[in-house]
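Values quoted throughout were computed directly from the atomic coordinates according to the rules given, and no laboratory measurement underlies them. Keep in mind the model is a prediction, meaning the values are calculated, not measured. As a convention, Cβ positions derive from the backbone with ideal geometry for all residues, glycine included, and neighbour counts pool all protein chains shown.
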Amino acid sequence: MTTDKSQIRNAATVIVLRDRLTAPRILMGQRGAKAVFMPNKFVFPGGAVDDTDADIPLAAPLPDLCANRLTEDADPALAHAIAVAAIRELWEETGLILGRPGTWDMPPPPDWESFAATGYVPHAAPLQFTFRALTPPGRPRRFDARFFLVDADDIASDLDNFDAACDELSHLQWVPLSKARAFDMPFITEVVLAEVEARATDLNPPASVPFFKNNDEESLFLRLRGKPMDG
């Protein structure tokens, strides 16, 4: 039986990398025991794109290279909303601000009011598109997740203050990259972790972005290089 593709939600996940050139650490938290999706697992902050994300203004957009790769095998109109979702989910689940000081030119929707109250506007330029994965069929929820790497130096708030975080993730902590595999994490998180380890000290965008495309017919491992640029 073919799965209705409308059941697959676009999602964004953020991997914050701290002290990458000396003793790299990543920010992770634990999902609740009663969570429908990946209960008890240690994960990176992230979640589904909301309907309002497409209308949220950005202080600066995604880098052209990342935006271009996001549009490969996807609706080009999604790039902005996915970047916005990444920043929102990071704020909601950790209380960390990826933004620039500024005022909003529109009243923020309810799920952005607390972010706007900090005096910042979301800022997507530091996000580096690093990985994409489609949840395999048969899972209680399916996501087309885009993973973004961001250097902790680009976070505008105190890296050790999680007071503004919601309760979706517990045990938020900076995990040494060399010890992260000791945590109970989903398989795909382990795969992404290997990609982060390989790129921890490389500040440049990857030559291509891995894509685990688990559709209803087959599982494919692809490389996203982006659509040809005009001009």
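List the residues, sorted by chain then number, that are 5 or more residues from residue 214 or on another chain and whose placed amide H is less than 5 Å from its amide H.
Answer set, sorted by chain and number: 134, 220.
What residue among 119, 99, 29 has the largest mean-square fluctuation in a Gaussian network model of the chain, using Cα springs under 10 Å?
In this elastic network of the chain, the residue with the biggest mean-square fluctuation among 119, 99, 29 is 119.
Springs between alpha-carbon pairs under 10 angstrom, Gaussian network model over the chain: which of 40, 161, 68 fluctuates most?
161
If you take the beta carbon distance between residue 173 and residue 201 as r and set R0 to 22 Å, what does 1/(1 + (r/R0)^6) give as a FRET efficiency, to the nearest 0.05? Please report the intermediate quantities before stating the final value.
Details: r = 22 Å, r/R0 = 0.99.
FRET efficiency, residue 173 to residue 201: 0.50.
Please compute the contact order of the stretch 5-224 in relative form: average sequence separation of alpha-carbon pairs under 8 Å and at least six residues apart, divided by the residue count, as a percent. Numbers along the way, then the final one.
On the way: 439 pairs, mean separation 63.1, N = 220.
Relative contact order here is 29 percent.
Which of 160, 105, 151 moves the most in a Gaussian network model of the chain with Cα springs under 10 Å?
105
Only sites in a loop by DSSP and with at most 14 other Cβ atoms within 10 Å count here; which trypsin sites (Lys or Arg not before Pro) in the stretch 117-170 make the cut? Numbers along the way, then the final one.
Details: sites: 132, 141, 142, 146; in loops: 141.
Those satisfying the criteria are 141.
Using a Förster distance of 25 angstrom, determine the FRET efficiency expected from the C-beta separation of residue 117 and residue 184, and round it to 0.05.
Computed FRET efficiency for residue 117 and residue 184 comes out at 0.10.
P(r) of the stretch 5-224 in 10 Å steps, Cα pairs, percent per bin?
8, 36, 39, 16, 1
Output wanted: per-residue J couplings in Hz (rounded whole) for the stretch 89-99, from phi through Karplus 6.51 cos²θ - 1.76 cosθ + 1.60, θ = phi - 60°, x for Gly and Pro.
Karplus-based 3J(HN,Hα) across the stretch 89-99 equals 5, 4, 5, 5, 8, 10, x, 8, 9, 9, x Hz.
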